[in-house]
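Have a look at the structure below, then the notes.
The values are calculated or read from the model by the stated rules, or taken from the named source; none is laboratory data. It should be emphasised that the depicted structure is a prediction, and the values quoted were computed from it without experimental measurement. All Cβ positions, glycine included, derive from the backbone under ideal geometry; neighbour counts span all protein chains shown.
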Amino acid sequence: MLELRNISYEVDDNHDNKEILKDVSVKIEDHFVAITGPNGGGKSTLAKMIAGIIKPTSGQILLDGEDITEFDITERAKKGISFAFQQPVHFKGLTVKDMITIAAGKDMTVTEICNILSEVGLCAREYIDREINSSLSGGELKRIEIAMIAARGTKMSIFDEPEAGIDLWSFNSLIKVFEKMRDEINGTILIISHQERILNIADKIIVIADGRLEKVGTKEEVLPALLDTAESCKTLTDKL
Amino acid sequence: MDLVQKNLLEQVAGLHEVPEGAYNIRANGSKLGRNTTANIDIVSKTDKDGIDIIIKPGTVNESVHIPVLLSQSGLQECVYNDFYIGEGADVTIVAGCGIHNCGVDTSKHDGIHTFYLEKGAKVRYVERHYGEGDGNGENIMNPQTIVHLKEDSYMEMETTQIKGIDSTNRVTRGDLADGARLEIHEKIMTHGKQYAKTDFSVDLNGDNSSCNLVSRSVAKGESKQEFFSIMNGNAACAGHSECDAIIMDHGCVTASPQLTANSIDANLIHEAAIGKIAGEQLIKLMTLGLTEKEAEEQIINGFLK
Ligand SMILES: Nc1ncnc2c1ncn2[C@@H]1O[C@H](COP(=O)(O)OP(=O)(O)O)[C@@H](O)[C@H]1O
Ligand SMILES: [Mg+2]
């Protein structure tokens with residue numbers, strides 16, 4: 001279980017104090033949890049904070065009751081936190097095989113790598129020796145990013161907008177990947193998403209807007225209001 | 001061969017014992033062993049230090065190893081090796097120099113390798129440089145590679161210098177006739193106060209000739225690297241050079257490419273990128289459980305692979 005206690009995050013934005021997260025407290029204990037909310041609301045900031053990439057200005061982060069607020073990225077990864085970036089990082093020279101092996105933390109046979117890649121809908125034979133760079137498409141990079149998390153198989157897997165930058169066709173198969181993960185992975189999946197189909201399979205939905213925790217609840221509790229506000233955006237309806 | 005020499009041989013040629021096929025092993029300035037085959041002859045030069053390697057036309061699937069080992073501190077030598085590759089031959093040549101310097105004097109090997117590729121000949125040339133030592137003596141290597149490529153010949157050159165060379169000035173010169181192709185991959189890593197210079201110049205004289213030069217390097221510590229490349233497009237040709245460098249600590253890298261198109265149909269491209277390891281690469285690997293230092297090693301390993 002992951003618990004955020006009174007998390008605030010401030011940055012110095014051109015000598016102006018900018019509050020990006022404001023006193024966020026939430027417990028993440030369900031199996032499949034989705035975070036949603038408007039762009040710029042602070043979702044990625046929160047995910048980076050859980051992974052240890054940034055440190056809160058105040059507040060605590062607890063993993064299974066242990067205070068990990070002061071732990072660095074590596075320590076948190078070793079404690080079982082995995083994080084798939086919104087923008088996959090390019091590497092010169094490192095291949096799909098290298099990255100999956102590093103993620104797994106042990107030597108991997110071709111068959112084992114094959115299995116993981118097929119989980120995310122990639123044919124291993126074509127990909128295993130490819131470099132993680134711009135010669136791969138956005139969708140392919142996203143899948144490899146997800147495969148690395150699958151290879152780690154830790155107790156907490158965070159995905160930041162896995163659907164972003166993926167075409168509709170790929171998106172359909174990506175949803176299947178997450179449905180499968182939900183059914184097969186033990187531990188918690190925390191996924192930042194705007195997609196109704198992802199929100200629909202979540203046990204819990206967290207809404208973050210303007211740096212605040214706006215709502216937490218089941219999809220029945222959260223979704224109707226969410227879709228309602230989306231539909232009733234006046235300027236947009238007027239324009240249509 | 002003693003243990004030190006055996007280790008050097010493994011580092012520069014990946015060999016545990018004497019190689020298969022043709023070879024010439026030079027250790028501390030003299031011939032340690034030589035083998036020729038029906039198609040490959042190796043002859044000592046009479047006017048200066050060095051050998052001629054003569055490969056008969058049509059020789060295929062054969063290899064030549066010519067490692068040079070220096071284990072006597074303070075030895076300085078300049079060697080001339082000429083390679084004559086007959087028409088239609090297809091061979092692999094592995095050269096390399098390993099220096100073990102446990103004294104206080106400067107050890108130095110200057111090798112001048114000239115290749116003459118006849119029509120349609122193909123050569124894969126692998127060159128590794130390695131230095132070690134427990135003394136304060138400097139290890140210096142100044143390799144020169146001069147390639148003359150006739151019609152439709154192809155040369156692939158792979159050079160690696162990863163460790164222990166204090167100073168190097170690598171000179172490469174080439175001229176290419178119609179349809180000839182030259183592919184060069186260079187990998188360099190320097191640390192401490194080392195200095196490495198790449199000085200590359202090629203004339204693309206023939207129509208449909210092409211040259212691709214890819215240099216990847218890492219400069220650590222206080223080391224300094226300079227990359228000079230000149231490509232002259234004198235015909236309907238294609239030239240591409242790429243210098244990609246990672247700097248760490250107080251490392252310093254200079255890249256000075258020069259492209260000259262003397263023909264309206266010459267197509268020349270240069271790319272250069274110098275910078276430290278991207279922070280996001282380190283962060284990504286750390287989220288996979290590596291420490292910052294392990295992440296750095298993985299990134300550099302992959303980059304120089
Ligand atoms: N280091 C920073 N300096 C200034 N502003 C930042 C910084 N990091 C994030 N922000 C701002 O904080 C807000 C939240 O960003 P983010 O967490 O990426 O939102 P989301 O992922 O919900 O779209 C955005 O307005 C963003 O521009
Ligand atoms: Mg975001």
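Just checking, how many residues over segment B:11-38 are over 23 Å from residue B:162 (Cα atoms), of a type outside the set (A, V, I, L, M, F, W, C) and assigned to a loop (DSSP other than H, G, I, E, B)?
Total meeting the criteria: 5.
Could you pull out the residue among A:69, A:57, A:101, A:74 that is more than 8 Å from chain B (Cβ to nearest Cβ), of a type in the set (S, T, N, Q) and in contact with a Ser or Thr (Cβ under 6 Å, 6 or more places away or on another chain)?
Exactly one of A:69, A:57, A:101, A:74 is more than 8 Å from chain B (Cβ to nearest Cβ), of a type in the set (S, T, N, Q) and in contact with a Ser or Thr (Cβ under 6 Å, 6 or more places away or on another chain), namely A:57.
Kindly indicate whether any position in segment B:266-275 is more than 14 Å from chain A (Cβ to nearest Cβ), more than 27 Å from the chain's Cα centre (by Cα) and among the polar types (S, T, N, Q).
no
Is it true that some residue in segment A:98-119 is among the aliphatic types (A, V, I, L, M), under 28 Å from residue A:226 (Cα atoms) and either touching a Lys or Arg at 6+ places or on another chain (Cβ under 7 Å) or within 16 Å of ligand 1 (Cβ to nearest atom) (or both)?
No, segment A:98-119 has no match at all.
Pick from segment A:151-169 the residues that are in a helix (DSSP H, G or I) and closer than 25 Å to residue A:101 by Cβ: which of them is nearest to ligand 2 (Cβ to nearest atom)?
Going through segment A:151-169, the residues in a helix (DSSP H, G or I) turn out to be A:151-152, A:168-169.
Next cut, closer than 25 Å to residue A:101 by Cβ only: A:151-152.
On the way: A:151: 24, A:152: 21 Å.
The qualifying residue nearest to ligand 2 (Cβ to nearest atom) is A:152.
From the list A:146, A:132, which one is over 29 Å from residue A:199 (Cβ atoms), buried (at least 22 other Cβ atoms within 10 Å of the Cβ), within 14 Å of chain B (Cβ to nearest Cβ) and among the β-branched types (Val, Ile, Thr)?
Of A:146, A:132, the one residue that is over 29 Å from residue A:199 (Cβ atoms), buried (at least 22 other Cβ atoms within 10 Å of the Cβ), within 14 Å of chain B (Cβ to nearest Cβ) and among the β-branched types (Val, Ile, Thr) is A:132.
Mind listing just one residue for me: the one in segment B:279-303 that is under 30 Å from residue B:231 (Cα atoms) and free of Cβ contacts under 8 Å to residues at least 12 places away in the same chain and, of those, nearest to the other protein chains (Cβ to nearest Cβ)?
So, considering only residues that are under 30 Å from residue B:231 (Cα atoms) and free of Cβ contacts under 8 Å to residues at least 12 places away in the same chain, the one nearest to the other protein chains (Cβ to nearest Cβ) is B:302.
Just a yes or no: is a residue in segment B:93-111 closer than 30 Å to residue B:180 by Cα, charged (D, E, K, R) and modelled with pLDDT of 95 or more?
no
Whether any residue in segment A:205-223 is over 22 Å from residue A:46 (Cβ atoms), touching a helix residue (DSSP H, G or I) at 6+ places or on another chain (Cβ under 9 Å) and touching a residue at least 24 places away in the same chain (Cβ under 8 Å) is what I want to check.
no
Check segment A:137-155 and report whether any residue there is within 16 Å of the chain's Cα centre (by Cα), within 16 Å of ligand 1 (Cβ to nearest atom) and either of a type in the set (Ser, Thr, Tyr) or more than 21 Å from residue B:287 (Cα to Cα) (or both).
no
In segment A:10-54, how many residues are away from chain B (no Cβ under 14 Å), among the charged types (D, E, K, R) and surrounded by 17 or more Cβ atoms within 10 Å (Cβ to Cβ)?
Residues in segment A:10-54 being away from chain B (no Cβ under 14 Å), among the charged types (D, E, K, R) and surrounded by 17 or more Cβ atoms within 10 Å (Cβ to Cβ): 1 in total.
Can you spot a residue in segment A:82-98 that is within 16 Å of ligand 2 (Cβ to nearest atom) and free of Cβ contacts under 8 Å to residues at least 12 places away in the same chain?
Yes, there is a match, as at least one residue in segment A:82-98 is within 16 Å of ligand 2 (Cβ to nearest atom) and free of Cβ contacts under 8 Å to residues at least 12 places away in the same chain.
Out of all the residues in segment B:163-191, which are at pLDDT 95 or above and at positive phi?
Scanning segment B:163-191 gives a single hit, B:179.
Out of A:126, A:131, which single residue is modelled with pLDDT of 90 or more, out of contact with any Lys or Arg (no Cβ under 6 Å at 6 or more places or on another chain) and not small (Gly, Ala, Ser)?
Of A:126, A:131, the one residue that is modelled with pLDDT of 90 or more, out of contact with any Lys or Arg (no Cβ under 6 Å at 6 or more places or on another chain) and not small (Gly, Ala, Ser) is A:131.
Mind checking which pairs have a first residue in segment B:239-252 that is more than 14 Å from chain A (Cβ to nearest Cβ) and touching a residue at least 60 places away in the same chain (Cβ under 8 Å) and a second that is surrounded by 20 or more Cβ atoms within 10 Å (Cβ to Cβ) and not basic (Lys, Arg), Cβ under 8 Å, 6 or more apart or different chains?
B:251/B:190; B:251/B:218; B:251/B:219; B:251/B:223; B:251/B:225
Just need a number here: residues in segment B:55-90 that are in contact with a Phe, Trp or Tyr (Cβ under 9 Å, 6 or more places away or on another chain) and either crowded, with 18+ Cβ neighbours inside 10 Å or not in a strand (DSSP E or B) (or both).
Summing the residues that are in contact with a Phe, Trp or Tyr (Cβ under 9 Å, 6 or more places away or on another chain) and either crowded, with 18+ Cβ neighbours inside 10 Å or not in a strand (DSSP E or B) (or both) in segment B:55-90 gives 7.
Has segment B:30-43 got any residue that is touching a strand residue (DSSP E or B) at 6+ places or on another chain (Cβ under 8 Å) and within 21 Å of residue B:132 (Cα to Cα)?
Yes, there is a match, as at least one residue in segment B:30-43 is touching a strand residue (DSSP E or B) at 6+ places or on another chain (Cβ under 8 Å) and within 21 Å of residue B:132 (Cα to Cα).
Does segment A:109-127 include one or more residues that are more than 8 Å from chain B (Cβ to nearest Cβ), touching a Phe, Trp or Tyr at 6+ places or on another chain (Cβ under 8 Å) and farther than 30 Å from residue A:8 by Cα?
The answer is yes, given that some residue of segment A:109-127 is more than 8 Å from chain B (Cβ to nearest Cβ), touching a Phe, Trp or Tyr at 6+ places or on another chain (Cβ under 8 Å) and farther than 30 Å from residue A:8 by Cα.
Are any residues in segment B:188-226 part of a strand (DSSP E or B) and either polar (S, T, N, Q) or within 14 Å of chain A (Cβ to nearest Cβ) (or both), and if so, which ones?
B:189, B:190, B:198, B:201, B:210, B:212, B:214, B:215, B:216, B:217, B:218, B:225
Going through segment B:261-297 one residue at a time, which ones are assigned to a strand (DSSP E or B) and loosely packed, with under 14 Cβ neighbours inside 10 Å?
The answer is B:269, B:271, B:273, B:275.
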